[in-house]
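Please treat every number below as a calculation from the coordinates, not as lab data. Note that this is a predicted model, so its numbers are computed, not measured. Cβ: placed from backbone, ideal geometry, glycine included. Neighbour counts: every protein chain shown.
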Amino acid sequence: MPATISATATALELNPAVAAWMNDREHDLLGHGWRWLPPWSMDEATECEHLGYAIETYERVCGRRPLGWNSPYSASDATRRLLLEEGGFLYDSDPCSDDVPYYADCDGRQLLVVPYSKTYNDSRYLASPGFASPRDHLELLTMGLDQLVREQRTAMMTVVVHARWTGQAARAAALRAFLDHAAKLPGVSFMRRDDIARWWLETVPASLGG
């Protein structure tokens, strides 16, 4: 199944086998910072510098640059403008405000937002109240998808898992059960975030809103 992998540039530099696996499987690369440092803690010049370091590292390690961006922790007031000024990004995934893409204005320009909803994020294994068992995660994912299919909605279902959390055996089994269920449902497509961005840009151009 196609996936979008979000990782800091330094993490991939230290784990080249992961970068090679991503390329071999043609997974999407979502930029996630040069290092695990919150951009809102930096001045604008430093954030811009780190953005450049990240892109250079991704290109060197992966042979390609990210087309989307999701800041470590959360974005700064300058992040979106810096993405637009850099010029190579199709979309921004910092906001978690919706389950469909939309366009955001920034200094008279527009950038596509492919939201990073936290609804189905496995961080709830750590939150309180959160998941008491892997079955809780499976139930949330399955009920959410079944309802979207029932409503025949055009919507994204952003299922986010982390190797250090869902990588545990019982939790991985719950994820596998959900994917097996989703693959059997009519009208369900597994898409990388760059594919979603391209589809939205072609189908709902900025001039039409979104």
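Which distance in nm do the two modelled labels at VAL204 and ALA172 give, with both placed 7 Å along the Cα-to-Cβ direction?
Those two pseudo-labels are separated by 3.6 nm.
For ALA7, which sequence-distant residues (separation of 5 or more, or a different chain) have an amide H within less than 5 Å of its own amide H, given hydrogens modelled in the peptide plane?
Result for ALA7 returns LEU30, HIS32.
Please return the longest stretch of the chain lacking exposed loop sites, where chymotrypsin sites (Phe, Trp or Tyr not before Pro) count only if DSSP places them in a loop and at most 15 other Cβ atoms lie within 10 Å.
That gives 74-189 as the longest site-free run.
Which residue, GLY68, GLY130, GLY31, has the most motion in a Gaussian network model of the chain that connects Cα atoms within less than 10 Å?
It is GLY130.
When the chain is fully extended, how far beyond the present Cα-Cα distance does TRP36 get from VAL160, taking 0.36 nm per residue of separation?
42.9 nm
Regarding the chain, what whole-number volume in Å³ per residue does the convex hull of its Cα atoms give?
132 Å³
Stretch ARG81-GLU44 to full length: gain in nm at 0.36 nm per residue minus the Cα-Cα span? Each step should come with its number before you reach the end.
On the way: separation 37, 0.36 × 37 = 13.32 nm, distance 1.03 nm.
Extra length available between ARG81 and GLU44 comes to 12.3 nm.
Do the sum for the chain: with -39,500 (n - 2.57) for every DSSP H run of n ≥ 4, divided by all residues, what is the mean residue ellipticity at 222 nm, to the nearest 500 deg cm²/dmol?
-13000 deg cm²/dmol
On a C-alpha basis, how far is the centre of segment 78-108 from the centre of segment 8-68 in Å? Whole number, if you could?
17 Å
Calculate one ³J(HN,Hα) per residue across segment 89-94 by plugging θ = phi - 60° into the Karplus curve 6.51 cos²θ - 1.76 cosθ + 1.60, and present them in order as whole Hz with x for glycine and proline.
9, 7, 7, 10, 10, 6
Rounded if a/c is under 1.5, else prolate if a/b is larger than b/c, else oblate: which is segment 151-210, with a ≥ b ≥ c the root eigenvalues of its Cα gyration tensor?
prolate
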